[in-house]
Amino acid sequence: MPDVNEATASPACVLLAEDDPVSALFMAEAMRGLGLDVESCADGTQALSCARERRYDLLMLDCRLPGHGAREILDALSSETTSASHGVPAIASSAEVTPDMERELRASGFREVLRKPLQVHELEQAVQALLPHAPPLLDETAALDASGDAHTLQALRGLFRKELETLSAQLDALIQERGALNERLHRLRASCGFCGALPLARACEQLSSATPERRDAALEHFRERLAGTLLALQERAPSSD
């Protein structure tokens with residue numbers, strides 16, 4: 001079974017500028033599931049202000065934000081060498097991406113251009129290309145090594161998905177019983193190893209060993225990893241599932 005105790009660095013921080021609430025929630029949950037910190041805003045004026053004041057590791061910008069679109073924001077940051085996020089890699093997203101539009105966005109400095117609606121693996125691949133230290137939510141190589149073959153892995157992930165859905169529904173009650181929660185987390189770590197969900201496995205360990213003063217932060221981190229892993233599993237589920 002793969003090692004789930006690998007140390008992780010401080011999480012990278014992403015500025016997500018997206019005015020559609022559904023897209024914003026989806027992208028934020030998926031990126032938090034990767035272990036990233038996400039700061040969200042819904043208009044371009046606020047996004048530009050945030051990027052001028054804080055150094056982010058990645059910018060995720062919608063092309064048609066109120067106030068300023070993605071290209072205007074990146075143009076401003078590129079010309080302002082004193083801006084905190086000057087030179088930070090950026091991803092543009094839009095529901096309509098023509099070949100000409102993609103060429104123009106890349107020419108203006110965007111490293112990736114994504115078409116909405118996105119799938120988790122598309123977002124994951126784009127983020128990992130620019131932030132290679134971000135671990136995958138589901139590591140296919142580790143999962144196949146642990147499970148033996150693709151058919152077995154598919155069956156295990158079907159069971160794993162149901163396990164996570166049940167845990168998500170029961171988590172608020174479980175956190176009131178530390179012993180019961182730790183026992184559940186211990187079992188979950190084994191499932192994570194066989195299914196390649198190593199970030200969630202590490203979140204299990206962090207929550208089970210958290211001191212009282214760190215417990216709330218560890219619980220929030222676990223919730224984020226749980227939600228992100230469920231999204232990834234749902235996307236990979238067979239259509240007949």
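Here is the figure for the stretch 79-114: residues that are among the basic types (Lys, Arg) and either surrounded by fewer than 15 Cβ atoms within 10 Å (Cβ to Cβ) or touching a residue at least 24 places away in the same chain (Cβ under 8 Å) (or both) total 2.
Among the residues of the stretch 190-212, some residue qualifies, meaning at least one is of a type in the set (Gly, Ala, Ser), part of a helix (DSSP H, G or I), in contact (Cβ under 8 Å) with a residue 24 or more places away in the chain and over 20 Å from Ala146 (Cβ atoms).
Set side by side, the residues Ala126, Ala146 differ, and just one is over 17 Å from the mean Cα position of the chain (by Cα) and buried (at least 18 other Cβ atoms within 10 Å of the Cβ), which is Ala146.
So which residues in the stretch 30-70 are charged (D, E, K, R) and surrounded by fewer than 20 Cβ atoms within 10 Å (Cβ to Cβ), if there are any at all? Answer for the stretch 30-70, where residues must be charged (D, E, K, R) and surrounded by fewer than 20 Cβ atoms within 10 Å (Cβ to Cβ): Asp37, Glu39, Asp43, Arg52, Glu53, Arg54, Arg55, Asp57, Arg64.
Exactly one residue out of Gly148, Gly109, Gly87 is assigned by TED's automatic domain parsing to the domain that holds Ala201 and either on the phi > 0 side of the Ramachandran plot or among the basic types (Lys, Arg) (or both), and it is Gly148.
Scanning the stretch 206-232 for residues that are aliphatic (A, V, I, L, M) and more than 13 Å from the chain's Cα centre (by Cα) returns Leu207, Ala210, Ala217, Ala218, Leu219. Filtering the stretch 8-24 to residues that are more than 18 Å from Ala126 (Cβ to Cβ) and either in a helix (DSSP H, G or I) or among the aliphatic types (A, V, I, L, M) (or both) leaves Ala9, Pro21, Val22. For Leu58, are the conditions met, namely being at pLDDT 95 or above and under 23 Å from Ala227 (Cα atoms)? In short, yes. Number of residues in the stretch 135-159 that are touching a residue at least 60 places away in the same chain (Cβ under 8 Å) and in a helix (DSSP H, G or I) equals 6. Given the conditions (1) more than 22 Å from Ala134 (Cβ to Cβ); (2) part of a helix (DSSP H, G or I), which single one is not true for Leu226? Single failed check for Leu226: (1).
The values are calculated or read from the model by the stated rules, or taken from the named source; none is laboratory data. None of the values given here were measured: they were computed from a predicted structure. Ideal geometry is used to build each Cβ from the backbone, glycine not excepted, and the neighbour counts take in all protein chains shown.
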